Amino acid sequence: MPIPEDAMVSQLSAILSPDQVLSGPSVQRAYDCDAYTVDRSKPTAVVMPDSTEQVAAVVRWCVANEVPFTGRGAGTGLSGGALPALGGVVISTKRLTQILEIDLENRCLKAQAGIANKRISDSVKTEGLHFAPDPSSQTVSTLGGNIAENAGGPHTLKYGVTAQHILGVTLVDPTGEILELGGKVSGGPGFDFVSLVVGSEGTLGIVTEAWVKLTPLPTAVKTALAAFSTVRDATESVAVIIASGTIPAALEVMDKGILHALEAAFGLKYPVGTAALLLVECDSNDADSAHEIVEREMETVEAICRANRAMEISVAADEAERQRLWTARKKGVGAMGRIAPSIVTHDGVIPRSKLPDMLDFVYDVAARHGGGVANLFHAGDGNLHPCFYFDDRDPVQVKAVVEAGEEIIRRCLELGGSITGEHGIGVEKIDLMPLMFSEDDLRLQAMAKSIFNSGELCNPCKVLPNQKSCVEHKKRWRGVAW
Amino acid sequence: MKDLTDLTTQCIRCGFCLESCPTFVVTGKETESPRGRIYLSRSAEEGKIAWEEARPHLNACLGCRACETACPSGVHYGEILELARDRLEKRHGSFAKKALLAGMTKPGRLRMQLGLAKLLPGKRIPGVLSRLLSGQAPEADRPVAPSAYSFPPLDEAPLPPIKGEVYVLEGCVMRVLYGRVNEITKRLLRQVGFAVRVVDQGCCGALHAHNGYLDAARSMGQGLSAQFSDDLPIVVNSAGCGSTMKEYENLGVALRGRVFDAAEFLAANGLGEVLSTRGKLEATVTYHDACHLSHGQGIRREPRELLAAIPGVTMVELNEAEMCCGSAGIYNLTQPKMARTLLERKWGNVEQTGASIVATGNPGCHAWISQAAREHGQTVEVLHTLEVLERALSGSS
Ligand SMILES: Cc1cc2nc3c(=O)[nH]c(=O)nc-3n(C[C@H](O)[C@H](O)[C@H](O)COP(=O)(O)OP(=O)(O)OC[C@H]3O[C@@H](n4cnc5c(N)ncnc54)[C@H](O)[C@@H]3O)c2cc1C
Ligand code: SF4
Ligand code: SF4
């Protein structure tokens, strides 16, 4: 017998305080999805704990009452990870937003999980340091969400994904026990459970705090925007740049599907006839010759772009202009609302050399499904983000977009890639897991999950397919859209 | 008028607005975020939840429109909020709110209340009224009645010849509480060669529009535009009024292209040069962006440049300068707790600058931040931007 809403609210209010427990139709509506809006499912209540102990107390209550629970940061996830698939309690980290300790000498920092990524970097900027993972959503997405999704970003190409920057985590495991995994010093003895938790999409418990690595800011940086008249020229340039041995800090492609919106939103300028823009950044903090290195790398990049028929290459004149370019790139997806009411941003990976063919395929899929598509993606990593736009009030369009995404992901796999680069499986791609993993693989992953989980209450119906009670419930939330 | 569904579907739920929304930053709640409020408005409009469910969350919105500045998709949040509040007021209006607005937007009545207020004990607004409006204890002091002002006559010698005429919006609150700012506006306009044509004028309807009384706002707007009958520019020294008047076309009133914020108009007409040649003020000044100037009208540069042009002035940037102070029209009366939290945050940032003056371009912010100044021992002086400029030119205090 599921516990009724009033009882849930009053019991949780007794554990926390009443103003930390939210419920009712508005709350249930507001928390029924993240930035992936195709699937929706309501929680019964939302809690806003302000300490690790409170999180643990809530989890223990959920376990005792067999209530499912799902962690949530900023809700910018793009695969429905924070969707409470079986209802129950959403545990928000947005009252856990403090920086707890800064250790400049050892270049690390401890923060609570609900802090927005960028606030970490801002806090140590004057010391010449930053938290390197820079998902485009970094002004809002949380440390906990980044850890859960092992978030990447434009600078992942050179600096690596979130996993490479997390030293330790405080985890409330699915039984409500508080675990300290890893710590300030990396590479201790024993199994590396931190790496297991990073990227586990909130299925192994709730991260409440983490020690993160701080990386020196580059002392020299150059950013250029190259305009191409075909997408193929742009993506071929990317493949050649990487093959040349030059690893820029970032290599991002934006295609014509988004350029108009970027111009309207950020005043981004590009020549007439542009089909794709390539944003390239080279940086270095070499003690002696940072500027020379950057200069040299940029020359190589420019030569390659020119050889691949770049129509125009402009280098940002100063930091302000550089920031403007990055704002346009990072907030680019956010400008899609200028084009259509809804978007789904797909996420797949392919070997870089296959980018040109893959993009042709994406346009073809969009044309066949009658939808519009814009691409702005981490080309240097071969990480594709076809962003389909549609009207979610029309069920036919919703279905078409989901099908288009699946076709694209299948093609990524055929080309030797992966079904996700950084947005995670969530609920969105759960049915595609068997395409990538054998039954044995999946069983092994389920066993790893069972190290932390005895039951099925912690973020159920995510990542691993065929979980108990999810199959039947899926009908309720799949494609509910509007 | 636009359709609420169309306006709300422009939001693609990316979340970029979250960290710029004061109520989200303070509470961490999705329901108190722009994305949440837009989603709830759309849900109510389309019958997925009852409008009454959305009401507390829409009431808790400051209307500061920081979310519009942050939103890459260009969501017209201000319009969404006004339409949603209009729906709410039409279903079940708040009598207390209506009475309060009527009092504030009729200068005669506001003046009378001020007079009466002086006779009543205590300095807070009466608890009965506060509880009617918000169900909470009051935070806002009764407005402090203005001190008398007089300015030395303008020194005619360096003044340029008059090159044109403008209207100055006198405003309801401005006229009664900050009459001196209206006087200063005229003096500064004269410094750059403009004379003010005086007409009888009513209320612009901004407070009504922001609180969901669109019909009332429309008829006030129509009245006002009839009073400003020809095509002279209209200079406005109250950010909230200016922002509404610049968007009159949403209400079907035509004034577009004629309305200018005072700092905007004065900067464009060379007051910066006047200040740098004839101004003088030894002070460290910081600037608080009134929401309806920065987010509402996109004006951030002009007031700062005018202040910085004064010889002797050192400008220091205010941390979170663009975050609402909590005044937000009548918000400090309807949502006293949140307004207080934001005021303390603002004052903390102001004191941290070490400035001797904090300047701002809106009477609501002016009065509300002044209250913090009084409570914290007047460590920093709170002035309208134009008052600082006038002081630099005439040495008036
Ligand atoms: C415009 C836009 C651009 C984006 N760009 C990128 C990009 O460049 N790179 C990239 O990798 N992603 C990107 N994303 C996706 C998204 O921002 C990331 O996945 C981000 O890490 C999610 O963080 P969040 O705080 O919003 O988490 P949420 O969406 O709230 O949650 C995501 C998942 O993490 C879990 N979770 C959250 N907090 C915790 C916690 N404390 N403990 C355990 N589990 C938790 C949730 O249960 C859920 O499964 C983008 C999204 C948008 C909308
Ligand atoms: S207007 Fe201000 S308070 Fe209201 S949602 Fe936007 S940012 Fe938040
Ligand atoms: S930034 Fe704009 S599009 Fe994104 S969630 Fe906020 S209002 Fe919606």
Inset, instruction - Name the single residue, out of those in the range A:1-29 being open to solvent by 30 Å² or more (accessible area, probe 1.4 Å) and assigned to a loop (DSSP other than H, G, I, E, B), that is farthest from B:A54 (Cα to Cα). - result: A:M1
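Conditions (1) outside the structural domain of B:E82 (by TED's automatic domain parsing); (2) surrounded by fewer than 24 Cβ atoms within 10 Å (Cβ to Cβ); (3) in contact (Cβ under 8 Å) with a residue 60 or more places away in the chain, marked per residue:
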{"residue": "B:S276", "(1), (2), (3)": "yes, yes, no"}
{"residue": "B:A283", "(1), (2), (3)": "yes, yes, yes"}
{"residue": "B:H292", "(1), (2), (3)": "yes, no, yes"}
{"residue": "B:R301", "(1), (2), (3)": "yes, yes, no"}
{"residue": "B:M315", "(1), (2), (3)": "yes, yes, no"}
{"residue": "B:C325", "(1), (2), (3)": "yes, no, no"}
{"residue": "B:A328", "(1), (2), (3)": "yes, no, yes"}
{"residue": "B:K337", "(1), (2), (3)": "yes, yes, yes"}
{"residue": "B:R340", "(1), (2), (3)": "yes, yes, yes"}
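Okay, residues lined up against (1) surrounded by 15 or more Cβ atoms within 10 Å (Cβ to Cβ); (2) charged (D, E, K, R); (3) touching a residue at least 60 places away in the same chain (Cβ under 8 Å):
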site	(1), (2), (3)
A:A151	yes, no, yes
A:H165	yes, no, no
A:V169	yes, no, no
A:F191	no, no, no
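Conditions tested, residue by residue: (1) touching a strand residue (DSSP E or B) at 6+ places or on another chain (Cβ under 9 Å); (2) among the hydrophobic types (A, V, I, L, M, F, W, C); (3) more than 16 Å from ligand 1 (Cβ to nearest atom); (4) without any contact (Cβ under 8 Å) to a residue 60 or more places away in the chain.
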residue: A:E312; (1), (2), (3), (4): yes, no, yes, no
residue: A:V315; (1), (2), (3), (4): yes, yes, yes, no
residue: A:R322; (1), (2), (3), (4): yes, no, yes, no
residue: A:L325; (1), (2), (3), (4): yes, yes, no, no
residue: A:I339; (1), (2), (3), (4): yes, yes, no, no
residue: A:T345; (1), (2), (3), (4): yes, no, no, no
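Quick check on B:N349: is it assigned to a helix (DSSP H, G or I), under 19 Å from the mean Cα position of the chain (by Cα) and polar (S, T, N, Q)?
On the way: assigned to a helix (DSSP H, G or I): yes; under 19 Å from the mean Cα position of the chain (by Cα): no; polar (S, T, N, Q): yes.
No; evaluated as a whole, the condition is false for this residue.
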Inset, instruction - Just need a number here: residues in the range A:453-482 that are part of a helix (DSSP H, G or I), surrounded by 12 or more Cβ atoms within 10 Å (Cβ to Cβ) and modelled with pLDDT under 85. - result: 4
Inset, instruction - Please work out which one of (1) at the interface with chain A (Cβ under 8 Å from one of its Cβ atoms); (2) open to solvent by 20 Å² or more (accessible area, probe 1.4 Å); (3) among the hydrophobic types (A, V, I, L, M, F, W, C) is the condition B:L18 fails and give its number. - result: (2)
Inset, instruction - Give the residues of the range A:1-29 that are more than 9 Å from chain B (Cβ to nearest Cβ), in contact with a helix residue (DSSP H, G or I) (Cβ under 7 Å, 6 or more places away or on another chain) and hydrophobic (A, V, I, L, M, F, W, C), sorted by residue number. - result: A:L12, A:I15, A:L16, A:V21
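For the range A:107-145, give me the residue count where each residue is β-branched (V, I, T) and either in a loop (DSSP other than H, G, I, E, B) or within 11 Å of chain B (Cβ to nearest Cβ) (or both). Steps first, please.
The first filter runs over the range A:107-145 and keeps only residues β-branched (V, I, T), leaving A:115, A:120, A:124, A:126, A:139-140, A:142.
Among the residues that remain, those that are also either in a loop (DSSP other than H, G, I, E, B) or within 11 Å of chain B (Cβ to nearest Cβ) (or both) are: A:115, A:139-140, A:142.
Final tally of qualifying residues: 4.
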Inset, instruction - Please report, ordered by residue number, the helices (runs of 4 or more DSSP H) entirely within the range A:288-399 with at least 1 residues that are open to solvent by 10 Å² or more (accessible area, probe 1.4 Å) and within 14 Å of another protein chain (Cβ to nearest Cβ). - result: A:319-330
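Step by step: first the residues of the range B:1-15, then only those that are assigned to a helix (DSSP H, G or I) and surrounded by fewer than 24 Cβ atoms within 10 Å (Cβ to Cβ), then the one that is nearest to the other protein chains (Cβ to nearest Cβ). Which residue is that? Reasoning before the result, please.
To start, the set of residues in the range B:1-15 that are assigned to a helix (DSSP H, G or I) comprises B:4-9.
Of the ones still in play, those that are also surrounded by fewer than 24 Cβ atoms within 10 Å (Cβ to Cβ) are B:4-7, B:9.
On the way: B:L4: 13, B:T5: 8, B:D6: 8, B:L7: 11, B:T9: 4 Å.
The selected residue is B:T9.
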Legend entry - Of residues in the range A:425-442 being among the hydrophobic types (A, V, I, L, M, F, W, C) and part of a loop (DSSP other than H, G, I, E, B), the one nearest to the chain's Cα centre (by Cα): A:I425
Inset, instruction - Please give the number of the condition A:L157 fails out of (1) in contact with a helix residue (DSSP H, G or I) (Cβ under 8 Å, 6 or more places away or on another chain); (2) open to solvent by 10 Å² or more (accessible area, probe 1.4 Å); (3) closer than 24 Å to B:C71 by Cα; (4) part of a helix (DSSP H, G or I). - result: (3)
Inset, instruction - Tally the residues that are at the interface with chain A (Cβ under 7 Å from one of its Cβ atoms) and among the acidic types (D, E), restricting the search to the range B:37-64. - result: 1
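Filter the range A:77-122 down to the residues that are of a type in the set (V, I, T) and crowded, with 21+ Cβ neighbours inside 10 Å and list them by number. Step through it out loud before you land on a result.
Our first condition is that a residue be of a type in the set (V, I, T); within the range A:77-122, this holds for A:89-91, A:93, A:97, A:99, A:102, A:115, A:120.
Of everything in the range A:77-122, those that are of a type in the set (V, I, T) and crowded, with 21+ Cβ neighbours inside 10 Å turn out to be A:V89, A:V90, A:I91, A:T93, A:I115, A:I120.
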Inset, instruction - Kindly provide the set of residues from the range A:324-367 that are closer than 24 Å to B:F16 by Cβ, over 21 Å from the mean Cα position of the chain (by Cα) and not charged (D, E, K, R), ordered by number. - result: A:I339, A:A340, A:P341
Inset, instruction - May I ask you to say which residue of A:S229, A:S195, A:S289 is of a type in the set (G, A, S) and without any contact (Cβ under 8 Å) to a residue 24 or more places away in the chain? - result: A:S289
Legend entry - Selection count where residues are within 16 Å of ligand 1 (Cβ to nearest atom) and not hydroxyl-bearing (S, T, Y), scope the range B:52-81: 6
Legend entry - Among (1) away from ligand 2 (no atom under 16 Å from the Cβ); (2) closer than 30 Å to B:K2 by Cα; (3) in contact with an Asp or Glu (Cβ under 7 Å, 6 or more places away or on another chain), the one test that B:V259 misses: (3)
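When you go through B:E32, B:E45, B:E53 one by one, which is the residue that is more than 10 Å from ligand 3 (Cβ to nearest atom), among the acidic types (D, E) and closer than 20 Å to B:A328 by Cα? It would help to see each step written out before you state the result.
Working: B:E45 fails: closer than 20 Å to B:A328 by Cα; B:E53 fails: closer than 20 Å to B:A328 by Cα.
Going through B:E32, B:E45, B:E53 in turn, the sole match is B:E32.
Of A:G77, A:G168, which residue is within 20 Å of B:G28 (Cβ to Cβ) and not polar (S, T, N, Q)?
From the options A:G77, A:G168, the qualifying one is A:G77.
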Legend entry - Only listed residue being open to solvent by less than 10 Å² (accessible area, probe 1.4 Å) and over 30 Å from B:A157 (Cβ atoms), chosen from B:V236, B:V181, B:V253, B:V173: B:V253
Inset, instruction - Give the residue that is nearest to B:I299 (Cα to Cα), with candidates limited to residues of the range B:64-74 that are within 11 Å of ligand 2 (Cβ to nearest atom) and open to solvent by 10 Å² or more (accessible area, probe 1.4 Å). - result: B:T69
Legend entry - Evaluation of B:K2 against (1) within 14 Å of ligand 2 (Cβ to nearest atom); (2) farther than 22 Å from A:G80 by Cα (one fails), failing number: (1)
Inset, instruction - Considering only residues that are closer than 20 Å to A:A151 by Cα and of a type in the set (A, V, I, L, M), look in the range A:75-90 and name the one that is farthest from ligand 1 (Cβ to nearest atom). - result: A:L83
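The values are calculated or read from the model by the stated rules, or taken from the named source; none is laboratory data. These numbers come from a predicted model, not from an experiment. Please note: Cβ atoms are built from the backbone with ideal geometry, for glycine as well, and neighbour counts cover all protein chains shown. Quick note on the areas: whole protein, heavy atoms, side chains included, nothing else; ligands and nucleic acids left out. Shrake-Rupley method; radii C 1.70, N 1.55, O 1.52, S 1.80 Å.
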